Amino acid sequence: MSGNLQYGTERNPIRLINDNSPRALFEVCPSLELAILEAVKGIDLGKVRGRDDVDLDMAYVLNLISNPNLDDKTVRLGCLLFSDHQYNFSDVIYDLTNNDEISCLDDVGEDGLICVGTPRNFSCLEMPLSSLSKKLAKHGIQMDRSEILRSMKILHEFYYITSTDICYENSYLSKSTGCVKLSDNTRLVNVHITTSMINKCISGKWPSETINVDDFIS
């Protein structure tokens, strides 16, 4: 529990999940097994040959829409997250609280900013001004909190994004040994678009047989 200790600050920044950390759904794709680094428990997409007939500006979107295991709303959410990343040239923090919920975020960040990294090497990101569900609604995408959480978990486990829960347990001064993943308690999330998915098109390498994704996103 965080108590009264502030987190997401210069003194106690958020520790982000490693971009190359293991991903449950990605790792059950046979055509991508070369990218699985068993020894260090990670992913290196550089070991997989991508398509050379695709404009890299379209790689990320093609990687999304070519995966038969993503439903329409998850694809649309992934496109919006990617668009935000391209616009901001950085990670983005999103508010996942409900539309009608008053966010109690007094224990997070300082001066409208949230710090991520370490006390000696951190960057600051803007605190979100409105919930992600409201932002999606403005683009004609109707998703409630539970749907957003589920889709974000799927995108994370398929390696499209790296999502870090902005919570005390993931802060520098926390005594937690590992990173806490998104859960029903998540209020804020830092989203990083996986660089490898921007720089390489792997459409055609997703499993043709449908995966029960809910078995991998607990």
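The values are calculated or read from the model by the stated rules, or taken from the named source; none is laboratory data. These figures come from a predicted structure and were not determined experimentally. In this analysis, Cβ positions are derived from the backbone assuming ideal geometry, glycine residues included, and neighbour counts consider all displayed protein chains.
Table for the structure above
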item: Scope region 169-218; condition aromatic (Phe, Trp, Tyr) and touching an Asp or Glu at 6+ places or on another chain (Cβ under 8 Å); matching residues; result: Phe216
item: Tabulated pairs, region 18-29, first of a type outside the set (A, V, I, L, M), second outside any loop (DSSP other than H, G, I, E, B) and surrounded by fewer than 15 Cβ atoms within 10 Å (Cβ to Cβ), C-beta under 7 angstrom, 6+ apart or interchain; result: Asp19/Thr195
item: Leading residue by the ranking (nearest to Ser151 (Cα to Cα)) among those in region 71-86 that are polar (S, T, N, Q) and surrounded by fewer than 17 Cβ atoms within 10 Å (Cβ to Cβ); result: Ser83
item: Pairs, first basic (Lys, Arg) in region 49-62, second surrounded by fewer than 17 Cβ atoms within 10 Å (Cβ to Cβ), C-beta under 8 Å, six or more apart; result: Arg51/Gly204
item: Given (1) among the small types (Gly, Ala, Ser); (2) closer than 28 Å to Tyr168 by Cβ; (3) buried (at least 18 other Cβ atoms within 10 Å of the Cβ); (4) at pLDDT below 85, index of the condition Ala35 fails; result: (2)
item: Matching residues, region 110-132, being of a type in the set (Gly, Ala, Ser) and either at pLDDT below 90 or touching a Leu at 6+ places or on another chain (Cβ under 8 Å) (or both); result: Gly112, Gly117, Ser130, Ser131
item: Hey, Asp184 surrounded by fewer than 22 Cβ atoms within 10 Å (Cβ to Cβ), farther than 18 Å from Asn12 by Cβ and modelled with pLDDT under 95 or not; result: yes
item: Selection count where residues are surrounded by 12 or more Cβ atoms within 10 Å (Cβ to Cβ) and more than 17 Å from Pro30 (Cβ to Cβ), scope region 45-55; result: 3
item: Filtered residue count, region 162-218, keeping only those that are closer than 26 Å to Ser66 by Cβ, in a helix (DSSP H, G or I) and not small (Gly, Ala, Ser); result: 8
item: Within region 151-181, considering residues that are small (Gly, Ala, Ser) and touching a residue at least 60 places away in the same chain (Cβ under 8 Å), the one surrounded by the fewest Cβ atoms within 10 Å (Cβ to Cβ); result: Ser174
item: Test set (1) at pLDDT 85 or above; (2) touching a Pro at 6+ places or on another chain (Cβ under 9 Å); (3) hydroxyl-bearing (Ser, Thr, Tyr) - Ser66 fails condition number; result: (2)
item: Selection from region 181-217 of residues that are among the hydroxyl-bearing types (Ser, Thr, Tyr) and over 15 Å from the mean Cα position of the chain (by Cα); result: Ser203, Ser208, Thr210
item: Filter pass, Leu105 being among the hydrophobic types (A, V, I, L, M, F, W, C) and at pLDDT 95 or above; result: no
item: Residues that are at pLDDT 70 or above and acidic (Asp, Glu), drawn from region 38-56; result: Asp44, Asp52, Asp53, Asp55
